[in-house]
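K.L.:
Please see the structure below; I have some questions.
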Amino acid sequence: MIPIANTVIQATPKQIKAMQKTYLPHMSDKIPPGAIFAVKKTGLSITAYKSGKVMFQGVAGEREAAKWGTATTPKAKSTKVSTSVLPPGFASKNVAGSDEVGTGDYFGPMIVAACYVDQAMMPLLKQLGVKDSKAMTDPEICEIAKKIIPVVPHSLLLLPNPKYNELQAKGMNQGQMKAILHNRALENVLKKIAPVKPDAILIDQFAEKNTYYRYLTKEASVVREDVFFATKAEGLHLSVAAASIIARSRFVEAFREMEQELGLQIPKGASSKVDQVAADILDTKGEETLQRYTKWHFANTDKARKLSRRN
Ligand code: MG
């Protein structure tokens, strides 16, 4: 197994333009679907997607991503994962897969979805537009989610910010919360489809296998049979692609709800734009309100306090 650094940031259209300029001499002419540009350099490849996501891969990936100042992952270590090798023909097996969203975003909940997709379901899902959601815009994701939710056996778990903050304050790290949610979502799906059993389980990897299972030592029941871990798993099986779409669409909905409640536009990610909005909420609604909608331990809290007019 070769460890690969893989950092995703959420960039503004302006930043993407600036990146295009910076990396102009290294532009690749192989651009994946849904991408704006792709860069290939020694030890570094960068892909920018229409959704604003920019993926930095390779040994220099994490350092390069940091230059753009919007790295959305508070624990850089957790983005260093390795891909396990999947058995041949994996994409056409009957698989339960899981993925999460909201871990690098200051505002909004953490959400995990798991889906079961068997061979018979695959043509329909492809027809409905299920594919790697990194290449899709939010409205596209929500449109497809609406169509697949009634037909795909799935479990959707949302960890509200107050609960997240409570667990975090008790010393639980984000990786552990993720592991618990993935395990529970997968278990729910296995119960839904019983007595049918999947050929395999695929988890979009966020931690080494041993770490993942260490995080689950206090769980009453742990899914262990035929479990595979892979990074960018939404491109490896439709079950993870579907899970990613369902989780993302709920995340978009959560932002809509927050925006309605707060009467403000809420940016995703953890950039300086996020700090400014957080400071506005501090000034107009106070700390308790801000805390209710955010992952409080992120560095954004301190930055917002410094920007707040009250200081
Ligand atoms: Mg993922």
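K.L.:
Only one of these is among the hydroxyl-bearing types (Ser, Thr, Tyr), under 20 Å from ILE9 (Cα atoms) and loosely packed, with under 15 Cβ neighbours inside 10 Å: SER244, SER272, SER249. Name it.
P.N.:
Of SER244, SER272, SER249, the one residue that is among the hydroxyl-bearing types (Ser, Thr, Tyr), under 20 Å from ILE9 (Cα atoms) and loosely packed, with under 15 Cβ neighbours inside 10 Å is SER272.
Yes or no, residue by residue, for (1) out of contact with any Lys or Arg (no Cβ under 6 Å at 6 or more places or on another chain); (2) away from the ligand (no atom under 16 Å from the Cβ):
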residue	(1), (2)
ILE141	no, no
PRO150	yes, yes
LYS192	yes, yes
LEU202	yes, no
VAL222	yes, yes
VAL240	yes, no
ILE246	yes, no
GLU253	yes, yes
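K.L.:
Identify, from the list LYS303, LYS268, the residue that is out of contact with any His (no Cβ under 8 Å at 6 or more places or on another chain) and outside any helix (DSSP H, G or I).
P.N.:
Only one candidate qualifies: LYS268.
K.L.:
Then there's this: Taking only pairs six or more apart or across chains, which ones have beta-carbon atoms under 6 Å, a first residue in segment 99-118 that is in contact (Cβ under 8 Å) with a residue 12 or more places away in the chain, and a second residue that is basic (Lys, Arg)?
P.N.:
Partner pairs satisfying both residue conditions: GLU100/LYS178; VAL101/ARG248; ASP105/LYS268; TYR106/LYS295; ILE111/ARG250.
K.L.:
Looking at the structure I just gave you, is LEU167 at pLDDT 95 or above, aliphatic (A, V, I, L, M) and under 30 Å from GLN291 (Cα atoms)?
P.N.:
Taking the combined requirement at face value, the residue satisfies it.
K.L.:
Please note which helices (runs of 4 or more DSSP H) are completely contained in segment 147-240 and include at least 1 residues that are of a type in the set (A, V, I, L, M, F, W, C).
P.N.:
Here the list reads 161-169, 174-193.
K.L.:
Within segment 276-294, does at least one residue satisfy the condition of being buried (at least 22 other Cβ atoms within 10 Å of the Cβ), of a type outside the set (A, V, I, L, M) and more than 16 Å from the ligand (Cβ to nearest atom)?
P.N.:
Yes: segment 276-294 contains one or more residues that are buried (at least 22 other Cβ atoms within 10 Å of the Cβ), of a type outside the set (A, V, I, L, M) and more than 16 Å from the ligand (Cβ to nearest atom).
K.L.:
Okay, next question. Can you name the residue in segment 78-100 that is assigned to a strand (DSSP E or B) and open to solvent by 30 Å² or more (accessible area, probe 1.4 Å) and is also modelled with the lowest pLDDT among such residues?
P.N.:
LYS80
K.L.:
Just the residues that are buried (at least 20 other Cβ atoms within 10 Å of the Cβ) and out of contact with any Leu (no Cβ under 9 Å at 6 or more places or on another chain), please, taken from segment 105-118.
P.N.:
ASP105, TYR106, PHE107, GLY108
K.L.:
Do you know which of the residues in segment 26-51 that are in contact (Cβ under 8 Å) with a residue 60 or more places away in the chain and touching a strand residue (DSSP E or B) at 6+ places or on another chain (Cβ under 8 Å) is most open to solvent (accessible area, probe 1.4 Å)?
P.N.:
Selected residue: LYS50.
K.L.:
Does segment 119-137 contain at least one residue that is acidic (Asp, Glu), crowded, with 18+ Cβ neighbours inside 10 Å and touching a residue at least 60 places away in the same chain (Cβ under 8 Å)?
P.N.:
yes
K.L.:
Pull up segment 295-308, narrow it to residues that are buried (at least 18 other Cβ atoms within 10 Å of the Cβ) and of a type in the set (Lys, Arg), then point me to the one that is nearest to the chain's Cα centre (by Cα).
P.N.:
LYS295
The values are calculated or read from the model by the stated rules, or taken from the named source; none is laboratory data. Being a predicted model, the structure only gives us computed values, none of them experimental. Counting neighbours? That spans all protein chains shown, and the Cβs are built from the backbone with ideal geometry, glycine included. Just so you know, the surface numbers come from the protein's heavy atoms only, side chains and all, with ligands and any DNA or RNA stripped out. Shrake-Rupley method; radii C 1.70, N 1.55, O 1.52, S 1.80 Å.
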